[in-house]
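For reference, the structure discussed in these notes is given below.
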Amino acid sequence: MPKLKTILVTGGAGYIGSHCVVDLLEAGHDVIAIDNFANAVGDEDGSPALRRAEEITGKTIVFYKADLLDKPQINDIFDKHKIDCVIHFAALKAVGESMQQPLLYYQNNLLGMLNLLEIMRAHDCYQMVFSSSCTVYGEPEFVPITENHPTGSITNVYGRTKYFIEEMLKDLSAADKKWNIIALRYFNPVGAHPSGLIGEDPTKEFTNLMPFMAQVALGKKPVLTVFGNDYNTPDGTGVRDYIHVMDLASGHVAALNLLAGNHIGLKVYNLGTGKGVSVKELVDIFESVTGTKIPLKYVDRRLGDITALWADASLAKEELGWSTRYSIEEMCTDFWRWQTMNPDGYPKKNKTTVIVNGKS
Ligand code: UFG
């Protein structure tokens, strides 16, 4: 039985959150998930993604529609359940929107985190895994990027919220030794659960490469716009470290295991494959594993985009005992399975989780 048994997952109905919930349940944890449905499909009746996570695992999730800005509501959840650790995914995450509405992003992401930390402390819960991003590194000074690469010179508000939270966690763990926190810096999550039952279903206008490419392959969008083919990379297109969302999920279970047996204060780990893949390479692989043709249109670089970044993931391997298992081909195959099984994403209205707001 895991030592940190009951895990509160904030943003549990979202893309990464729902995949992580599957892994947590399979590792024997009890899951209490909350979501305000800012980025995920769902309503008062619950979340289709979490309903399907229950279907995949044969286990039950306790779900609350809740917002971290509503302190009394979050406090009630902590009063009701003995929570051993929090995995904190909930955040606004659209880079473009963050530039237009900085106060919304600072309020939601920073104040949400502050509320959560205060409530955790009041309930004697000091264990946390925080969802950070490789965006904190800004334009890399070197690749592969190690965890001690400088952070902070970021070009967008969303990324700055991740950076500010990391700084906040540093101060907190230095001031009070009870805290035991792991921040995981994700590279580019793609793919879906191999069952095809859960996957990425963006509620807002989305701009990420894989979901956009899949929409083109489905014929829902006419062409994939490639932002720049004059980068200083082997084929001129941008290079990223794409990681299967199930590998990302297993990184969280590994982080919980480290927290359970050790007092570490604050530790930071990259979660990536360690391999850079260009836009053009990803398109070629996607076409070949799915048997589709993606029409391309080359345009100017996208403002704020970085040339090339990929992770040095050796620290996570050494200290978390974690490494990636899925290939880039599997990332494309699994994403495509999800997309073809659910061309319109999740059902937008249905009776969902078994337990909602603590009641059957
Ligand atoms: N790209 C295209 N066409 C598209 C979409 C993307 O050519 O329609 C290219 C981008 O220019 C980039 C690559 O595909 O070279 C990946 O772009 P994504 O938008 O999928 O991902 P980003 O690397 O820009 O952003 C991701 C996360 C952010 C995070 C950032 C950190 O989505 O949340 O990594 O670098 F902040």
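What follows is calculated from the coordinates using simple rules that are stated; it is not laboratory data. This structure is a prediction, so every number in the text was calculated from the model and none was measured. Note: ideal-geometry Cβ built from the backbone for every residue, glycine included; neighbour counts use all protein chains shown.
Restricting the GluC sites (Glu not before Pro) of the stretch 1-75 to loop positions (DSSP other than H, G, I, E, B) with no more than 10 neighbouring Cβ atoms within 10 Å leaves GLU44. Residue separation of LEU114 and THR155 scaled by 0.36 nm, minus their Cα-Cα distance, works out to 12.4 nm of gained length.
Can you list the lysines whose alpha carbon sits under 16 Å from that of LYS3, skipping same-chain ones fewer than 8 residues off? Result set, ordered by chain and number: LYS82. Ranked for footprinting exposure by Cβ neighbours inside 10 Å, fewest first, TRP179, TRP322 give TRP179, TRP322. For the chain, take the longest principal axis of its alpha carbons; what is the angle in degrees between that and the long axis of helix 245-261, to the nearest 10 within 0 to 90? Taking Cα atoms only, the helix is inclined about 30 degrees.
Relative to the longest principal Cα axis of the chain, at what angle does helix 279-290 sit, 0 to 90 degrees, rounded to 10? The helix 279-290 is inclined about 90 degrees to the chain. Residues in the stretch 39-56, backbone N under 16 Å from the label point at MET341 (7 Å along the Cα-to-beta-carbon vector): list them, ranges by number please. It comes to 48-56, nothing else. Sorted into 5 angstrom bins from 0, the C-alpha pair distances of the stretch 10-127 split as 2, 12, 22, 22, 20, 13, 6, 2, 0 percent. Please give the helix 48-57 orientation as an angle from the longest Cα principal axis of the chain, in degrees from 0 to 90, rounded to the nearest 10. So the inclination is approximately 80 degrees. Size check on the chain: the Cα extents along the three principal axes, sorted descending, read 54, 45, 39 Å. Straightening the chain between SER314 and ASP124 buys 65.1 nm, computed as 0.36 nm per residue apart minus the Cα-Cα spacing.
Label-to-label distance for HIS263 and PHE142 is 3.4 nm, based on points extended 7 Å past Cα in the beta-carbon direction. Springs between Cα atoms under 10 Å define the GNM used for the chain, and in it the highest mean-square fluctuation of LEU282, LEU296, LEU256 occurs at LEU296. Specify the residue with the greatest mean-square fluctuation among THR207, THR60, THR307, computed from a Gaussian network of the chain linking alpha-carbon atoms under 10 Å apart. Result for the chain, Cα springs under 10 Å: THR207 fluctuates most. Once both labels are positioned 7 Å from their Cα atoms along Cα-to-Cβ, the gap between TYR106 and LYS297 label points is 3.7 nm. Helical runs assigned H by DSSP (4 residues or longer) give the chain a calculated mean residue ellipticity at 222 nm of -11000 deg cm²/dmol, each run adding -39500 (n - 2.57) before division by the residue total. Across the chain, the mean sequence separation of Cα contacts (distance under 8 Å, 6 or more residues apart), normalised by length, yields a relative contact order of 23 percent. Extending 7 Å from Cα along the Cβ direction at THR60 and again at SER195 yields two label points whose distance is 1.7 nm. When the alpha carbon gyration tensor of the stretch 173-317 is reduced to an equivalent ellipsoid, its three semi-axes come out at 33, 18, 13 angstrom, largest first. A full extension of the chain between LYS221 and ALA27 corresponds to an added length of 66.0 nm, given 0.36 nm per residue minus the alpha carbon distance.
Note on the stretch 214-328: lysine pairs with Cα distance below 19 Å, sequence gap of 8 or more or different chains, count 9.
Applying 1/(1 + (r/R0)^6) with R0 = 22 Å to the Cβ-Cβ distance of ASN208 and LYS348 gives a FRET efficiency near 0.60.
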